[in-house]
Amino acid sequence: MVLQHLKSGKKIPKNLELERLIWQSGLSRIAGVDEAGCGPLAGPVVAAAVIFPPYAHIAEVKDSKKLTAKKREELYSLIADSAISFGIGIVPPEEIDRINIRQATFKAMRKAIGNLKTQPDYVLFDGYELPEKLLSQEAVINGDDHSFTIAAASILAKVSRDRLMLDWHDKYPIYGFNRHKGYGTEYHRTMLEKHGPCEIHRKSFLSKIIPQF
């Protein structure tokens, strides 16, 4: 599991083809952006942005949902060490309730990009892009399958959010956040019905699926 630099005559992996076209156009600082935590009943939405040197690649990097938690942690460290810059954006549950999850996701993405130490020339988003289009940008459907840079961002976002949920588990162990990270599993719903919500539950989500809330 190492960082490779592929420019010197090596075959470009399929998930680096999109980046290759952008690099060849003269833009070198490509940021991949992805989020974690749109769907859970509890916890923040977290976005990550990451920029690598041109033609950098880590073969094991792919959609974070297709990796084990252990592998994601290992890759998080390698990505963080190898990147030119990366940024994390976090929007808490009370703000999700106030502005809705879509707007909260946009805000987390803006924060992640804003936390980059290097200004990107071009931004690749997974699924949908920022509506204001202040940067040169592109939305890529299933981006974490088609773009190495987006896949790396998905790992950063997922690991960052999971770590936060493990911290919340220490404070509220009855909900089992360490098991489901806030998603609406049967166990989580049972604990909600028994104990009611805590401070990190998204009240706007609960009211739609659990009538008593």
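Largest GNM mean-square fluctuation among Gly182, Gly114, Gly89, using the chain with Cα springs under 10 Å: Gly114. Listed by chain and number, the aspartates and glutamates whose alpha-carbon sits under 13 Å from that of Lys65, ignoring those within fewer than 8 places in the same chain, are Asp34, Glu35, Glu73, Asp144, Asp145, Asp162. Each of Asp34, Asp126, Asp81 was scored by other Cβ atoms within 10 Å of its Cβ. Listed from fewest to most, they are Asp81, Asp126, Asp34.
Centre-to-centre separation between the Cα atoms of region 43-89 and those of region 173-213: 28 Å.
Restricting the count to DSSP beta bridges whose residues both fall in region 3-209, what percent are antiparallel, rounded to a multiple of 5?
On the way: 17 of 25 bridges.
Of those bridges, close to 70 percent are antiparallel.
If neighbour count is taken as other Cβ atoms inside 10 Å, put Met109, Met165 in order from fewest to most.
Ascending Cβ contact count within 10 Å gives the list Met165, Met109.
Scaling against 2.2 N^0.38 Å puts the C-alpha radius of gyration of the chain at 1.07. Between Glu132 and Ala80, the distance separating the two model label sites (each 7 Å from Cα on the Cα→Cβ line) works out to 2.8 nm. Label-to-label distance, Asn142 versus Gln212, with points set 7 angstrom from Cα along the beta-carbon direction: 4.2 nm.
Restricting attention to region 26-146, close to 60% of DSSP beta bridges with both partner residues there are antiparallel.
Each value in this text was obtained by applying a stated rule to the coordinates, not by laboratory testing. Quick caveat, the model's predicted, so the values are computed rather than measured. With ideal geometry, Cβ positions are generated from the backbone for all residues, glycine too; neighbour counts draw on all protein chains shown.
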